[in-house]
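Let me begin by presenting the structure, written as structure tokens, before commenting on it.
Just so you know, all these numbers are worked out from the coordinates, no wet-lab data involved. Computed from a prediction, not measured in an experiment: that's the story for all the values here. FYI the Cβ positions are ideal-geometry reconstructions off the backbone, even for glycines, and counts take in every protein chain you see.
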Amino acid sequence: MTHDQSQEKTRVSPSLSETQLDALRELANIASGTAATALSQMLAREVQISVPRALALAPADAVDECGDPEQHVAGVVVPIQGDIDGIVLLLIPYEQAEILCALLGVEAHTEVGDSALREIGNILATSYLNGLGAMTSMELEPSPPQLHTDMLAAIVSSLLIGTAEGDDLALVLDSELDVSGDPCSISFLLLPTSGQINDLLAPLGLAEPSA
Amino acid sequence: MASARMGEMVVSSDPNEELVALGLGSCIGLAIVDRTAGVAGLAHIVLPESNDRGEQLGKYADTAIPELITRLRQAGAVERRFETAIAGGARMFEMSGGLDIGARNEAAVRSALAAAHLTVRAAKTGGTTGRTLKVTLSDLTVTVRSAGEQPETLLQGRAPRFTPAAGAAR
């Protein structure tokens, strides 16, 4: 017999309206388009983008939405500062990181390979933030990227603890970038600091009236 | 398999059950077993202090530990037979501000356990790697595993009832 009472409690309903989530999804769509173009130029390959998702969920549910908790992934973390704070996170399945490195002509899991993955993170995050900035007139600056290869849930949960700031709601904007011709896809996530979701919505005229 | 996700806890007395906390980063997985009763509990603790935010007891070290003990008792476990193991509390990223949530989580869990007169029998904490903590109810083994590595035993399995309390590992 398993007593699992706490499961219920974490399923908080999103506090953002559908209209607000739609607007965030559209922001993510345009911004990840900019990032996909940059990746395509870097790899000289076509890059497909999935329809992005905007999720406002309890952190536990948000982690589940990112994939198999124990999946071994390379995570490139780019902290952002400026009009809003947050994190850009790239998740690349371990084996696919090798393919990505091969496309760049470097060997994976070496210093050069790791540096190449960080550079991809840097370029994708910068183009994504440029796209986001152009639409919202916000100034957003990426910090130097960090690479961490580990279990997916360990990476995502540790980052969400920072961005959700102890809140019960984590906001995740994600899209999938698929490099055509190879089984190589990058999950691209924006994790805005939760107190600042309004700042992201304000330029679109969709901010909550301040409480 | 019963999973304790961020801020959740699970307690079981079903010998066919497994309890897991998958991909602990800076979070702490806390496993408590009572071999004689064949009861185990697992909490996935996210932050050190609740500061009276009472919404989710399992999320904070100071509220999760008393709650887990209560639920273990309700399932028939007895405190003086508790064996405790913890895993997690890693420093996954170098963040500006240098706030090491993992280390603070571990300190808070240890002090809440001490306040409940429980000692940590085995621990795999700190460092920079994520971990999965698993409790197998059939023999009450507690194992921990890092990405790409073999599981490591924290509490050696021994089926309830069949071995004397003072016995060595089978």
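Among A:Ile30, B:Ile101, A:Ile49, A:Ile155, sorting on how many other beta-carbon atoms sit within 10 Å of each Cβ, with the fewest leading, yields A:Ile30, A:Ile49, B:Ile101, A:Ile155. Partner shielding of A:158-164 amounts to 6, given as the average count of beta-carbon atoms from other chains within 10 Å of each residue beta-carbon. Oblate is the label for the range B:1-76, because the ratio a/c of its alpha-carbon gyration tensor axes (a ≥ b ≥ c) is 1.5 or higher and a/b is not greater than b/c. Angle of helix A:152-164 to the longest C-alpha principal axis of chain A, folded into 0 to 90 degrees and rounded to 10: 50°.
From least to most packed, judged by other beta carbons within 10 angstrom and beginning with the fewest, B:Asp34, B:Asp62 follow the order B:Asp62, B:Asp34.
For the range A:90-111, backbone nitrogen atoms closer than 20 Å to the point 7 Å from A:Arg53 Cα along Cα-to-C-beta are found at A:90-94. Between A:Glu119 and A:Glu141, the simple spin-label model (points 7 angstrom out along Cα→Cβ) gives 2.4 nm. Shielding value for B:57-68 is 2, the average number of Cβ atoms from other chains within 10 Å of each residue's Cβ. What is the range A:1-140 by shape, rounded, prolate or oblate, if you read a ≥ b ≥ c off the alpha carbon gyration tensor as root eigenvalues and call it rounded for a/c under 1.5, prolate for a/b larger than b/c, and oblate otherwise? Oblate is the answer for the range A:1-140, as a/c is 1.5 or above yet b/c matches or exceeds a/b. Ellipsoid fit via the Cα gyration tensor, chain B: semi-axes of 25, 18, 13 Å, each the root of five times an eigenvalue, largest first. The HN-Hα couplings worked out from phi for the range B:57-66 by the Karplus form 6.51 cos²θ - 1.76 cosθ + 1.60 (θ = phi - 60°) are 4, x, 7, 10, 4, 5, 9, 5, 5, x Hz, whole numbers, x standing for Gly and Pro. Spatially, the range A:82-132 and the range B:79-134 are offset by 31 Å when compared through their Cα centroids. The distance separating the Cα centre of the range A:174-194 from that of the range B:20-64 comes to 32 Å. Compared with the dominant Cα axis of chain B, that is its longest principal axis, helix B:101-115 is turned about 40°.
Counting neighbouring Cβ atoms within 10 Å and putting the fewest first, the residues A:His109, B:His44, A:His72 line up as A:His109, A:His72, B:His44. Beyond 25 Å, what share of the Cα-Cα pairs of the protein assembly as shown is found? Please give it as a whole percent. Counting pairs separated by more than 25 Å, the tail of P(r) holds 55 percent. Structural descriptor for chain B: relative contact order 25 percent, calculated from alpha carbon pairs under 8 angstrom and at least 6 residues apart.
The helix-based estimate of mean residue ellipticity at 222 nm for the protein assembly as shown, built from -39,500 (n - 2.57) per DSSP H run of four or more residues and divided by its residue count, is -10000 deg cm²/dmol to the nearest 500. Angle, helix A:18-43 long axis vs. longest principal axis of chain A, Cα atoms, 0 to 90°, nearest 10? Once rounded, one gets 10 degrees.
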